[in-house]
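Worksheet: the structure to be examined is printed underneath.
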Amino acid sequence: MNTCRASDIRDIAQQLMGARNLDVEGKIVLKEEIFPSEVIAFTKAGAKGLLSLKGSATSHASILAKNAGLPFITNLPEEVM
């Protein structure tokens with residue numbers, strides 16, 4: 001399975017597990033992986049930017065963030081966590 005599809009499946013699984021309580025207004029979010037649905041939720045919740053250990057500039061999440069005008073840096077080294 002290619003990584004893009006695998007990420008999309010993990011995103012759907014996370015959505016099915018329940019709603020998220022987001023306290024990100026005015027904050028920069030750092031996660032191991034940020035899914036497309038989270039980009040939408042973080043944007044609506046007022047996040048100021050996104051940082052991710054996994055991902056690429058051509059991922060669905062990156063494209064959504066760019067279209068929303070939300071700064072998103074991906075592929076960071078694990079030492080950041």
request  = Could you grab me the full set of residues in the stretch 44-76 that are among the hydroxyl-bearing types (Ser, Thr, Tyr) and closer than 15 Å to Leu30 by Cβ?
outcome  = Ser52, Thr74
task = Can you give me the number of residues within the stretch 26-46 that are of a type in the set (A, V, I, L, M, F, W, C), touching a helix residue (DSSP H, G or I) at 6+ places or on another chain (Cβ under 8 Å), outside any loop (DSSP other than H, G, I, E, B) and open to solvent by less than 20 Å² (accessible area, probe 1.4 Å)?
result = 2
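The values are calculated or read from the model by the stated rules, or taken from the named source; none is laboratory data. Just so we're clear, the structure is a prediction, and the values are computed from it rather than from any experiment. Using ideal geometry, Cβ is built from the backbone for each residue, glycine included, and neighbour counts are taken over all protein chains shown. To get the accessible areas, we keep the full protein, side chains included, count just its heavy atoms, and leave off ligands, DNA and RNA. Shrake-Rupley method; radii C 1.70, N 1.55, O 1.52, S 1.80 Å.
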